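J.: I am attaching a structure below and will ask some questions about it afterwards.
Where a number appears in this text, it was derived from the coordinates with a stated rule and is not lab data. The structure displayed is predicted, hence computed values, not measured ones. Positions of Cβ are backbone-derived with ideal geometry, glycine not excepted, and every protein chain shown enters the neighbour counts.
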Amino acid sequence: MTLILGDFIEYLPSKRDSATINFTFSYNSANHQYLNNHLSFGIIAIHMLKSIGIQFSNNATGKENEIRNSVDYIANELLGNSIKYGEHSFHEINIEIHVFECRVVIISTNLVNELREKLFQTYIQKIITSDVSELYFKQLEENIDNNQKSGLGLLTIINDYKAKVGWKFESSDHGYGTLSSVMVQLPAS
Amino acid sequence: MNNKLAKYSIHYDSESETISFSGKLRFTQTDPEFAEISELLKTVLEKDPPQITLNLEELEFLNSLGISMISKFIIKIRNKKSIHAIVKASHEISWQGKSLVNLQRIMPSLEFTWV
């Protein structure tokens, strides 16, 4: 059974003028990379865009930097969430970068248990049915004395980066848990 | 406070009550340095100075937990009602243009200096 929420493209174009790179991490490797190395997904995305013919003119250095920094931020937030909420004993963490039609699509996939799946789906419904900007400030004011909780990752991606976000939940063939994917679409023009 | 591996540094000037962040700062909840920096911000706030400056001009990267920490610090300054807050930011660093503008909504009297 598959559940799609928000702006999730199930079948991304893969034939012409597109490129895909897939990173598969064990939990330990993802955690190590996240904590110790600043993975530069943004530089990779820029090379991918150039490889399919997207040109950044000399006076568009600012735009190239902006895309690079945005992809870096978003991919690192998704990786961080996968490490935090994923069932790492049973499954790897997957980060995919896909570029096509002046768009960068970043997808993270990890396994979640039943409780986490329900909590996540409730939170997604809240995001979909709320004014994200209001939710952003409410989240900060309500957790003012709790520095351990951010809850801002997805909200900043939607509110600050104006990206489209979608989610997919599908049965896992591990006989345990659900595969949870988050897709973020960012314009690259 | 320096972390060469994580490529960031934080400097607190107690005379001017300025906290300067630079480099790439990516916290996790379990990071002991996250607790240390939270404690530093709390200490500065408890001194109740007339003015606090956050200099972020050289902060190239900050993750959502860091954005949350700085936003909550600004909320606490606002709630004190006695402290003038200044944030120094850079147009050259794209995340700052996207995310720091939210601080103005949190505290309308916040003074921004952009370079």
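J.: Looking only at segment B:77-105, how many residues end up being surrounded by fewer than 18 Cβ atoms within 10 Å (Cβ to Cβ) and in a helix (DSSP H, G or I)?
T.: Here the count works out to 7.
J.: Exactly one condition in (1) surrounded by fewer than 22 Cβ atoms within 10 Å (Cβ to Cβ); (2) under 22 Å from A:T24 (Cβ atoms) is false for A:S108; which is it?
T.: Condition (1) is where A:S108 drops out.
J.: Looking at (1) in contact with a strand residue (DSSP E or B) (Cβ under 6 Å, 6 or more places away or on another chain); (2) within 12 Å of another protein chain (Cβ to nearest Cβ), can you tell me which one A:N146 breaks?
T.: The number of the failed condition is (1).
J.: For B:F27, only one of the following conditions fails: (1) of a type in the set (A, V, I, L, M, F, W, C); (2) in a loop (DSSP other than H, G, I, E, B); (3) touching a strand residue (DSSP E or B) at 6+ places or on another chain (Cβ under 6 Å). What is its number?
T.: Result: B:F27 passes all but (3).
J.: From (1) farther than 20 Å from A:E101 by Cβ; (2) crowded, with 18+ Cβ neighbours inside 10 Å; (3) hydrophobic (A, V, I, L, M, F, W, C), pick out the condition that doesn't hold for A:M1.
T.: Result: A:M1 fails condition (2) only.
J.: Can you give me the number of residues within segment A:153-189 that are within 13 Å of chain B (Cβ to nearest Cβ), buried (at least 21 other Cβ atoms within 10 Å of the Cβ) and within 18 Å of A:Q125 (Cβ to Cβ)?
T.: 4
J.: When the residues of segment B:31-80 are narrowed to those that are under 26 Å from B:I93 (Cα atoms) and of a type in the set (K, R), which ends up farthest from the other protein chains (Cβ to nearest Cβ)?
T.: Among those residues, the one meeting the criterion is B:R78.
J.: Can you say whether A:V71 is in contact with a Gly (Cβ under 7 Å, 6 or more places away or on another chain) and of a type outside the set (D, E, K, R), as far as the supplied structure shows?
T.: yes
J.: Now a separate question. Exactly one condition in (1) of a type in the set (S, T, N, Q); (2) within 17 Å of A:E141 (Cβ to Cβ); (3) out of contact with any helix residue (DSSP H, G or I) (no Cβ under 9 Å at 6 or more places or on another chain) is not met by B:S68; state its number.
T.: With (1) of a type in the set (S, T, N, Q); (2) within 17 Å of A:E141 (Cβ to Cβ); (3) out of contact with any helix residue (DSSP H, G or I) (no Cβ under 9 Å at 6 or more places or on another chain) applied to B:S68, the lone miss is (3).
J.: Please go through (1) within 14 Å of chain B (Cβ to nearest Cβ); (2) out of contact with any Gly (no Cβ under 7 Å at 6 or more places or on another chain) for A:Q139 and return the number of the only condition it doesn't satisfy.
T.: Checking A:Q139 against (1) within 14 Å of chain B (Cβ to nearest Cβ); (2) out of contact with any Gly (no Cβ under 7 Å at 6 or more places or on another chain), the one that fails is (2).
J.: Among the residues of segment B:81-106 satisfying the criterion of being among the β-branched types (V, I, T) and at the interface with another protein chain (Cβ under 9 Å from one of its Cβ atoms), which is nearest to A:F137 (Cα to Cα)?
T.: B:I106
J.: State yes or no: is A:D145 crowded, with 17+ Cβ neighbours inside 10 Å, acidic (D, E) and free of Cβ contacts under 8 Å to residues at least 24 places away in the same chain?
T.: no
J.: Mind checking which residues of segment A:67-102 are surrounded by fewer than 20 Cβ atoms within 10 Å (Cβ to Cβ) and of a type in the set (G, A, S)?
T.: A:S89
J.: Run down A:V71, A:V99 and say which single residue is farther than 19 Å from A:E170 by Cα, of a type in the set (A, V, I, L, M, F, W, C) and not in a helix (DSSP H, G or I).
T.: Among A:V71, A:V99, only A:V99 is farther than 19 Å from A:E170 by Cα, of a type in the set (A, V, I, L, M, F, W, C) and not in a helix (DSSP H, G or I).
J.: Applying the selection to segment B:30-70, what residues are assigned to a strand (DSSP E or B) and polar (S, T, N, Q)?
T.: Within segment B:30-70, B:Q51, B:T53, B:N55 meet the criteria.
J.: Within segment A:28-46, is there a residue that is polar (S, T, N, Q), in contact (Cβ under 8 Å) with a residue 40 or more places away in the chain and in contact with a Ser or Thr (Cβ under 8 Å, 6 or more places away or on another chain)?
T.: Within segment A:28-46 (the criterion being polar (S, T, N, Q), in contact (Cβ under 8 Å) with a residue 40 or more places away in the chain and in contact with a Ser or Thr (Cβ under 8 Å, 6 or more places away or on another chain)), the answer is no, since none of the residues qualifies.
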